[in-house]
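**Student:** Below is a structure I'd like to ask you about.
The values are calculated or read from the model by the stated rules, or taken from the named source; none is laboratory data. In this text, all values refer to a predicted model and were calculated from it rather than measured experimentally. Every residue, glycine among them, receives a Cβ derived from its backbone with ideal geometry; neighbour counts consider all protein chains shown. What goes into the accessible areas is simple: the full protein's heavy atoms, side chains included, and nothing from ligands, DNA or RNA. Shrake-Rupley method; radii C 1.70, N 1.55, O 1.52, S 1.80 Å.
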Amino acid sequence: MDDGKASLSPWDAWIAVCATAGAIHASADVVLDLSRASRVALDSFLSAMLFGDFLVRLRRAGGKDGTRSRRAGGLVGDLLAALPFALLLGPTPFQLLRLLKLSRVARLLGDWRSREVRHAAALRLAFFVYWFVLMTHVVACCWIALRGPEASPDGGSRYVRALYWAVTTLATVGYGDVTPSNDAQRIYAIVVMLLGVGTYGFVIGNVASILSNLDPGRASFLHRMEQLSAFMSYRSIPPDLQRRIGDYYRHVWRERLDHDETQLLERLPPGLRTAVALHLKRDLLQAVPFFRGASEPFLKEIALEMKPSLYPPGDIVVRAGDRGREMYFISRGSVEVVAPDGTTVRARLSAGDFFGEIALLYGTPRTATVRALEYCDLYRLEKELFDRVLAHHPEIATEIEARAKERRGEA
Ligand code: CMP
């Protein structure tokens, strides 16, 4: 960032608009000799704005050191771009100094893009179109400049022809109906054609990457499905198993957009991690009765420690007779509790319920099998934290113990 500001202020946005208008007008005015009235009005207005920006930047730069030489270079450029050459001298190549201000626009847009996380792909596309349009305009103006004074007197149609030539050449279409009329234009055409090949590749590559990044969840889902499909056919996975795996991936994509919160949380600093964890688990924490009145520090600890897991329909979450290392809270979906005989269904539990506490409380093997009835979003609480919760929060311990006794038929 050139001035340490944290956001694109209305002034910065306005200056970006003025700098763009200045660059477009200056390059067109030099070659097309636009009307004097519009030149006087626009040039004085833009000069006033750009000079105002120069003063603002001068004041901002005043108290800071460190990057002083770079700042000084930027300020000289700003001052040159603000000078009203067109007003003082009429159409003159000095007007092109207005284009220096585009470096400020580039920095502002770069800052904006690096900070904006919500519409990253859309912004990238918009900035890309912006620079492409500006470049095409400048290429068209240079084409007119090289044609010489003998060209058609109508400025509008000269510009449209030049723009048409610039777009067809940059897009590598090149119909050949607008052709160079002198050596300077021929040499220029060679340069723009070479530039066009690079630009074309750049456009195709960027647009493809921007479009695929508009929905990264979908892109990574489709990529994973392709890998999966290749793997399954290579390893001759049975069709039924293939279908179940495919269903699982589709569900993960539809319901969670394939964003793994564990990975996201690990990359955040502690403060943000706690805030995001609390936000993600708030619904669950509010659905579980004994968490509702719990203190904020306790909820934060629980939110951070509870780990998500997803079970497809029919999957067994805990099996009767196994050793218990964690208990589960149901965030979404439902499960059935089946007695060790494998047939008697003791209960059906759904969002807000918990299970797996008996083995942790009494140190016994699992007293029942718990099976997912549909896709279930569960949060796991490891035994270590479970013991800590019970030790520090007697009211919660009492509730869990009461539920466990009831389930064991002791209540
Ligand atoms: P645990 O024994 O650790 O593992 C199986 C879990 O099923 C058990 O803890 C309880 O949470 C749950 N469970 C067992 N019996 C019942 C029941 N009758 N009603 C509801 N849940 C039960």
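**Student:** With angles folded into 0 to 90 degrees, how steeply does helix 36-62 sit against the dominant principal axis of the chain? Use alpha carbons for both and round to 10.
**Tutor:** Long axis of 36-62 versus the principal axis of the chain: about 50 degrees.
**Student:** Another question, then. Given the -39500 (n - 2.57) contribution per DSSP H run of 4+ residues, what per-residue ellipticity at 222 nm results for the chain, rounded to the nearest 500 deg cm²/dmol?
**Tutor:** After summing the helix terms and dividing by residue count, I get -21500 deg cm²/dmol.
**Student:** Is segment 84-136 best put as rounded, prolate or oblate by its Cα gyration tensor, with a ≥ b ≥ c the root eigenvalues, rounded for a/c under 1.5, and otherwise prolate when a/b is larger than b/c, oblate when not?
**Tutor:** The shape class here is prolate.
**Student:** A follow-up question, please. What is the helix-to-structure angle for 383-392, meaning the angle in degrees between its Cα long axis and the longest Cα principal axis of the chain, kept from 0 to 90 and rounded to the nearest 10?
**Tutor:** Between helix and principal axis, roughly 80 degrees.
**Student:** Counting only protein heavy atoms, what percent of the accessible surface of segment 239-292 is carbon or sulfur at a 1.4 Å probe?
**Tutor:** 54 percent
**Student:** Residue farthest toward the positive end of the dipole of the chain, with Cβ of Lys/Arg at +1 and Asp/Glu at -1: which of Ala140, Leu100, Gly333?
**Tutor:** Farthest towards the positive end: Leu100.
**Student:** How much length is gained on full extension from Asp341 to Leu272, taking 0.36 nm per residue of separation minus their Cα-Cα distance?
**Tutor:** 20.2 nm
**Student:** Hey, another quick one. When a/c reaches 1.5 or more, the comparison of a/b and b/c decides; with that in mind, is segment 300-341 rounded, prolate or oblate per its Cα gyration tensor?
**Tutor:** Note, shape of segment 300-341 comes out oblate.
**Student:** Give me the accessible area per residue for the chain, probe 1.4 Å, as a whole number in Å².
**Tutor:** Per-residue accessible area for the chain comes out at 55 Å².
**Student:** Could you tell me which of Leu8, Leu304, Val192 has its Cα farthest along the dipole of the chain towards the positive end, charges placed at Cβ (Lys, Arg +1; Asp, Glu -1), taken about the Cα centre?
**Tutor:** So the residue furthest toward the plus end is Val192.
**Student:** In addition: Rg and Dmax in Å for segment 159-313, alpha carbons only: what are they?
**Tutor:** Rg, Dmax (Cα atoms, Å): 27.4, 85.
**Student:** Could you state the angle between the C-alpha long axis of helix 68-82 and the longest principal axis of the C-alpha atoms of the chain, as a value from 0 to 90 degrees rounded to the nearest 10?
**Tutor:** 50 degrees
**Student:** Leaving out ligands, DNA and RNA, and with a 1.4 Å probe, what % of the accessible surface on segment 293-345 is carbon or sulfur?
**Tutor:** Answer for segment 293-345 is 47 percent, counting heavy atoms of protein chains only.
**Student:** With a cut-off of 8 Å between alpha carbons and a minimum separation of six or more residues, what is the relative contact order of the chain in percent?
**Tutor:** Dividing the mean separation by the residue count of the chain yields 10 percent.
**Student:** Could I ask something else about it? Residue by residue, what Karplus-based ³J(HN,Hα) values in Hz, rounded to whole numbers, does segment 166-175 have, using 6.51, -1.76 and 1.60 with θ = phi - 60° and x for Gly and Pro?
**Tutor:** Karplus-based 3J(HN,Hα) across segment 166-175 equals 4, 5, 5, 6, 5, 7, 6, 7, x, 5 Hz.
**Student:** Continuing with the same structure: In µm²/s, what is D for the chain at 37 °C and 0.692 mPa s, where D = kT/(6 pi eta Rh) by Stokes-Einstein and Rh is the Kirkwood radius from Cα pairs?
**Tutor:** Taking Rh from Cα pairs, D becomes 118 µm²/s.
**Student:** Count the lysine pairs in the chain whose Cα atoms lie under 29 Å apart, taking only pairs 8 or more positions apart in sequence or on different chains.
**Tutor:** 12
**Student:** Measure off, as a whole percent, the carbon and sulfur share of the 1.4 Å-probe accessible area of segment 89-159, all protein chains present.
**Tutor:** 71 percent
**Student:** By average Cβ neighbour count within 10 Å, what is the ranking of 268-277, 330-339 from highest down?
**Tutor:** By packing density, highest mean first, the sequence is 330-339, 268-277.
**Student:** Rounded to the nearest angstrom and ordered from largest down, what semi-axes does the equivalent ellipsoid of segment 258-382 get from its C-alpha gyration tensor (root of 5λ)?
**Tutor:** 27, 15, 13
**Student:** Label Glu382 and Val40 with points 7 Å out from Cα along Cα→Cβ: what is the distance between them in nm?
**Tutor:** Roughly 7.9 nm, to one decimal.
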